[in-house]
Each structure stands twice: as structure tokens, then as C-alpha cells.
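Worksheet: the structure to be examined is printed underneath.
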Amino acid sequence: MKAVLASVLARLVPAEPADAVVPPSGHTAWLTSFTAGAMTFLAVFALALSLASGCLADRWSAALERTATVRLSAPEDQIELQLTAVLGVLATTPGIESARALTDEESRALLEPWFGPDLPVETVPLPRLIEVVEDGSGYDGTGLRQRLAAEAPGAVLDDHTRWREPMAEAAARLRLLGLLSIGLIGAAMAAMITLAANASLAATAQVIKVLRLVGARDAYIARAFVRRFTLRALTGSAAGAIAGLVGVILLPAAQPAGGFLTGLGFQGAGWLWPFVLPPLAALVAFVATRAAALRTLRELT
């Protein structure tokens, strides 16, 4: 009797019964695709933010790396004498490539973002600024400060160390934050796909029992779920990556007045990173679905 029943079921079940086990539509199907798409969409923006912020911090740090500033404050009748003395000290300091005093127009341009374009520089008691450029070999900052204090008491050397170090630290932390965000997004996607796979397996428990009766192995049944859920995750993630790229392209272009908030996006080869996300999403779905399917099938034994 059992042999007869098995023969009948074998005719009723298609030649590839495993694919038929997984519901082709329903809440598990759209949940998997939607989760993969939404998480990939968020991952694209997390990548854009971390890469753009990190590159900006690196750029600022590099711009300050070989420069320094001497700030000169002195009475009006001594400012020119001390300015000449400072330039003379800088010209004879080993490791300094060039030094020049900023003009009133350049000082106005530096203050314009904070005070507007109509700041009367001529009537405001601003310190004179001297731009110092290193030659690459470096200079003795302590010795230079001592010489400036002796020749021009109103001169203060700022070698931008307090600016460079936070920038380098910010760049490293922003990249770490981006990786952490991608990891959290992947974990959330794995959890949602696992729930969807468990729900799908529970809904087809009776069909799985019949497949076992006709000789289907658990590994064969699990492959069907893994294949379907992986393809769904890949498709949804690809759609999310495309939507994320469109969103990044539509962001405002970099503007001097807008700061780094108008320069978010990818640069050069960085545009290839979003295309790595769909295969990663498929890999996450493969691992999560396989683990969930094998565990659930053992429980149904």
C-alpha cells in the first residue's frame, strides 16, 4: 500500500518538486525583496556619507599639513616694523619654503563666510596674518617661536597641529562608522530574511512531509528555499542600489557656501561600491536562509 501511494504521489509531484515548495508570492516573497531593497538603499547613503566625509576630512588635513600661520598683533605704529622682522626671521629659518603677508582683500575673503562681504577691514583692528609654507623637510617650531618672541613680541606661530590631528581622527572614525552601519544593516536584513524563511517553511510543513515521504532529502528541500530567497534578495537589493544611486545623483552638487553638506556622494571609483551591495545582500540571504531552513527541517522531523 505504501509503495502504491508513493507511486501516485510521484506522478502528482513535478519533476522538480523543490522549487514548487516555496510560495512564489505572498507576504514572505515581498517581505524578502522589500527588506533587501530598503536595506541596500540605506547602505548606499551610509557609504556615500562615510566616504564623502572621510575624503573631506583627509582633504582638509592635507591642506593644513605643510602650512602654518603667524598672527601678528601690535600697535599701529609698530605693526610694519614687526611685520618686516617676522618676514626676516621666516626667510632665514631652515625648513620654510616661503612666507608672505596676506593682503586686506585676502583677510576679507577669510572673514566673509562669518561676517558677510561688506566687512570694513580697514577700520577693524584685525591682526596681520602671514602664510608660511614648509619645504617638506620641516622646521623647528620651538626654536622659531623663541626667535619670533625675541624679534617681534606680538607674533604668534600656529602650525595647525590642533587642526590636523582632529581631522585625521575624524576621517578614521567616519570610515569606521560607515563600516559599522553597513554591518548593522546586513544584520537587520539577515534577521528579516530569516523570519521570512521560517514563516515560509512553517506554511509548507505539510508539503515538506509529503516530499519526505516520496524520498526527498532535507538538503534538496533546503536548496529550493535557499535558491528562491537568495534570488529574491538579489533582485530587491539591485533595485534598492539603483534607487540609492539615483538619490545620490540628485543630491546638490558641492558648493563653497554650502559646506560639506552639498558635497555628499561618490568620487571616481567610489561609484562602483554600490554595485558590490547586491551580491553581498545575496550572500547574506544565502547564509541566513540555509541556516533557517536546515534548523526548521530538523524541527519538523
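No value in this document is a laboratory result; all are computed from the given coordinates. These numbers come from a predicted model, not from an experiment. A quick note on method: Cβ atoms are made from the backbone with ideal geometry, for glycine too, and the neighbour counts reach across all protein chains shown.
Set the Förster distance to 51 Å, then compute FRET efficiency between Arg66 and Glu299 from the Cβ-Cβ distance, nearest 0.05.
With R0 = 51 Å, the Cβ-Cβ based efficiency is 0.20.
Quick one: length gained pulling Tyr220 to Leu280 fully straight, 0.36 nm per residue minus the C-alpha distance?
Extra length available between Tyr220 and Leu280 comes to 19.2 nm.
Sort the following peptides by mean Cβ neighbour count (other Cβ atoms within 10 Å, averaged over residues), highest first: 167-175, 290-298, 97-105, 221-229.
Order by mean packing, descending: 221-229, 290-298, 167-175, 97-105.
Name the long-range amide H neighbours of Ile96: under 5 Å, sequence gap of 5 or more, or other chain; modelled H, no Pro or chain starts.
Placed amide hydrogens put Asp135 under 5 Å from Ile96.
Measuring from label point to label point, each 7 Å out along Cα→Cβ, what is the Val210 to Asp140 span in nm?
9.1
Tell me, what is the FRET efficiency for His27 and Ile249 to the nearest 0.05, using R0 = 35 angstrom and their Cβ-Cβ distance as r?
0.60
Order these by the 10 Å Cβ neighbour count, fewest first: Leu126, Leu213.
Leu213, Leu126
Provide the gained length on full extension for the span Glu112 to Glu165, in nm with one decimal, where the gain is 0.36 nm per separating residue minus the Cα-Cα distance.
Here the segment from Glu112 to Glu165 would lengthen by 16.5 nm.
Where a ≥ b ≥ c are the square roots of the eigenvalues of the C-alpha gyration tensor, would you call the stretch 74-153 rounded, which needs a/c under 1.5, or, failing that, prolate if a/b is larger than b/c, or oblate?
Oblate, since a/c reaches 1.5 and b/c is not below a/b.
Once you have the Cα-Cα distance between Glu97 and Arg59, take 0.36 nm times their residue separation minus that, and quote the gain in nm to one decimal.
11.6 nm
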